[in-house]
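First the structure, in the form of structure tokens, and then the observations on it.
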Amino acid sequence: MGRVSKLVRVQVRPRPRPRFGGGRALAAVPARLVAFVRRHPTGADTVFAVFLLLFLEAPNLLRGSSWALLGAALTLPLALRRRAPSVVFTVLSVLAFVQWLAELRTGGDMSLLVALYTVAAHCDRRRTLCAFAVIEVGVMLVTLHWAGDHVHIGAFVPLTAMALTAAVLGANLRTRRRYLLALEERAKRLERDQEQQAQLAVEAERSRIAREMHDIVTHNLSVMVALADAATMTVHSTPERSAAAMEQVSGTGRQALTEMRRFLGVLREDEPDAARHPQPDLARLGALAEQVRAAGLPTALTIEGDTHQVPAGAQLAVYRLAQEALTNTLKHAQPGANARIRVRSSAERLELSVIDDGHPRGPVPGEPHPGGGSGIAGMRERAAVYGGSVDAGPLPGAGWQVSAVLYLTDPGGS
């Protein structure tokens, strides 16, 4: 089969393109011409001026008439029409007026219409109206001079219509160009807004990932350190308790690795096991309390109210808040401390309080103060997602309390 497929691929060859002619080549000619004109406007205008001169003054050029010089003077300045529209129109108007005074007739007068079109296409409305007024004055002078004693309406109306058409076409081109520029600016602005929104989304996702990883790593490492310390102190006196503590260390480490795999698996779309590992919720608070108890901190858990209608995101937030609060307690509380977790759920709000009775007053040397660390800041960010708040501070006498409120409905609504 491999040889057959190779043979087939060799035999099937694309048709050779024709070197000359062809529909695609002909269709590409206008696009190339437009691109050339945009890249070289002065060169294109020069070619156009020469072509117009040959078209209008061919008989005079062939006869070698002196009128051909006047026709050239009225036509060749169009080579600079897009560089200086107003100047070119003024020069051509003056030359046309000199021609009228000399009572000469030449086809170069048509270049005034091209100059008027250029002024309307590249200048503002005021200059366009002034140029049109100049053209109208010239039309009236020509009509009065060449019509004799009476005004020749049959000449005035067509000339005025031609001038008006040139001005309208130029103005429409200017309007269309401005419209396209506005669309381009709008597209660029929308692209910039989308990039900014994407950057904000990336920053928000990075913050979320940082909070999740902080909660997972910090809590489990704190539990492992506490268990390892307990195992070290009891290794000689009660080896069986030391062995049990080390088993807890091993289990906690495996649990941390499992949670990290679950979390990173959610970020990867090709992770097959990501959907089978839901995020922690309120039902996992019991296991969290048991884990903290095994680390040497007696912890009681109380859940009030119906938690079945609480959104999964709010349950995850409360779990992480309790986990962070207990982690701080493990790190800073004095030996013999106790902790209490209390969750109260209602249709409008979800309340959490984590209290310990053995937290020392003031920061622990060499460690950040719980109220100013990044953990408390992350807790406040989690609560802010649900329009809530987090308060952390000492209790009268001894101990520390972390209280959080999450609103399940709009707190500003009725």
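The values are calculated or read from the model by the stated rules, or taken from the named source; none is laboratory data. None of these values were measured; they are calculated from a predicted model. Every residue, glycine among them, receives a Cβ derived from its backbone with ideal geometry; neighbour counts consider all protein chains shown. Side chains are part of the model used for accessible areas, which takes the heavy atoms of the whole protein and leaves out ligands, DNA and RNA. Shrake-Rupley method; radii C 1.70, N 1.55, O 1.52, S 1.80 Å.
Table for the structure above
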quantity: Probe 1.4 Å - accessible area at LEU80, Å² to nearest ten; calculated: 90 Å²
quantity: Placed amide H near THR307: partners under 5 Å, 5+ positions off or other chain; calculated: none
quantity: Relative packing of 227-237, 294-304, 181-191, which averages over residues the other C-beta atoms within 10 Å, highest first; calculated: 294-304, 227-237, 181-191
quantity: Pairwise label distance in nanometres, PHE55 with ARG127, each label 7 Å out on the Cα-Cβ vector; calculated: 2.5 nm
quantity: The range 190-196 - phi-based ³J(HN,Hα) in whole Hz, Karplus 6.51/-1.76/1.60, Gly and Pro as x; calculated: 5, 5, 5, 5, 5, 5, 5
quantity: Amide hydrogen neighbours beyond the local backbone of TYR386, cut-off 5 Å, H modeled; calculated: none
quantity: Two-site label geometry, VAL47 and GLU203: point separation in nm, points 7 Å out along Cα→Cβ; calculated: 5.2 nm
quantity: Using a Förster distance of 60 Å, the FRET efficiency for ALA384-VAL37 (Cβ separation, nearest 0.05); calculated: 0.55
